[in-house]
Amino acid sequence: MELFLDTANIDEIKEAASLGVIYGVTTNPTLIAKEGKDFKKTIIEIASIIEGPISAEVVSLDSDGMVKEAQEISSWHPNIVVKIPITWEGLKAVKRLKKLGIKTNVTLVFSPNQALLAARAGATYVSPFIGRFTDITQDGITLISDIAKIFDLHHISTKIIAASIRTPMDAVNAAKVGSDIATVPYRVLQQMVMHPLTDIGVKRFLEDWKKVTQ
Ligand code: E4P
């Protein structure tokens, strides 16, 4: 499973990029708004730091508006993937964008049928939301697992991005059920590195080393 970073914060992206474990970045209108900076400048800056796919989302609700926005957004950098919500109009836009050679990440996916439809319309990626699904007492990991099984069984090449990840266990479980990618917030990435036994081990090694060197 590849790891993407789910943020529009440039400092977080730079720091995470230095670890060499982040292959792409996902953003959404909320994450962009949180940083309070210009959308286009932010996306171009992210693309200058991370060499892989950078997802940037449209805000139009009709397919004509989505396609127009997608054409503009995708012209900013070759690595940009346009996020389109899984709606009736969204599917129309995905089909047209596929023909235009523009990569799409179909977002706000909460059912296997939505994922199947997005894939059949020509989506490059689908983003099932684990956390928001779990928030309403549904099983986000079963959602990922079902989509992975369907895509595998029917030889669908659309990649699954496990999104709305809230805990390190979400990432582990998404990997176990076959998600291609997990997009993780910076805080979760930090938690994924940590283990109390590692901290205790490092401390003990240093203490023992001091005994023989002092
Ligand atoms: C990424 O593609 C999604 O927009 C993001 O993971 C949503 O996360 P949230 O449910 O924590 O807002």
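Miscellaneous remarks
- FRET efficiency estimate (nearest 0.05) - Cβ-Cβ, Lys211 to His77, R0 41 angstrom: 0.15
- Once the C-beta distance of Leu61 and Lys37 is scaled by a Förster radius of 30 Å, the resulting FRET efficiency is 0.75 to the nearest 0.05.
- Per residue accessible area in Å² of the range 96-183, where ligands, DNA and RNA are left out and the probe is 1.4 Å: 47
- Of all accessible heavy-atom area on the chain, the percent that carbon and sulfur account for (1.4 Å): 57
- The phi torsions of the range 41-50, fed into the Karplus equation with coefficients 6.51, -1.76 and 1.60 and a -60° offset, translate into couplings of 4, 4, 5, 5, 5, 4, 5, 7, 9, 10 Hz, rounded to whole numbers, with Gly and Pro shown as x.
- Of Leu31, Ser145, Ala118, farthest towards positive along the dipole that unit charges on Lys, Arg, Asp, Glu beta carbons give the range 25-170: Ala118
- Restricting the range 1-108 to chymotrypsin sites (Phe, Trp or Tyr not before Pro) that sit in a DSSP loop and have at most 10 other Cβ atoms within 10 Å of their own Cβ leaves nothing.
- Average projection area in nm² (convex hull over Cα atoms of the chain, one quarter of hull surface): 14.0
- Gyration tensor (alpha-carbon) shape descriptor, the range 141-186, a/c threshold 1.5: prolate
- Within the assembled protein chains, the solvent-accessible surface assigned to Met1 is about 90 Å², based on a 1.4 Å probe.
- For the chain: relative contact order, % (alpha-carbon pairs under 8 angstrom, 6 or more apart): 17
- Each Lys and Arg Cβ is given +1 and each Asp and Glu Cβ -1; about its Cα centre, the chain then shows a dipole of about 260 debye.
- Measuring between their Cα centroids, the range 122-160 and the range 96-116 lie 12 Å from each other.
The values are calculated or read from the model by the stated rules, or taken from the named source; none is laboratory data. Just so it is clear, the model here is predicted, and its values are computed rather than measured. Note that we place each Cβ from the backbone using ideal geometry, even for glycine, and neighbour counts take in every protein chain shown. SASA here: full protein model, heavy atoms, side chains in, ligands and nucleic acids out. Shrake-Rupley method; radii C 1.70, N 1.55, O 1.52, S 1.80 Å.
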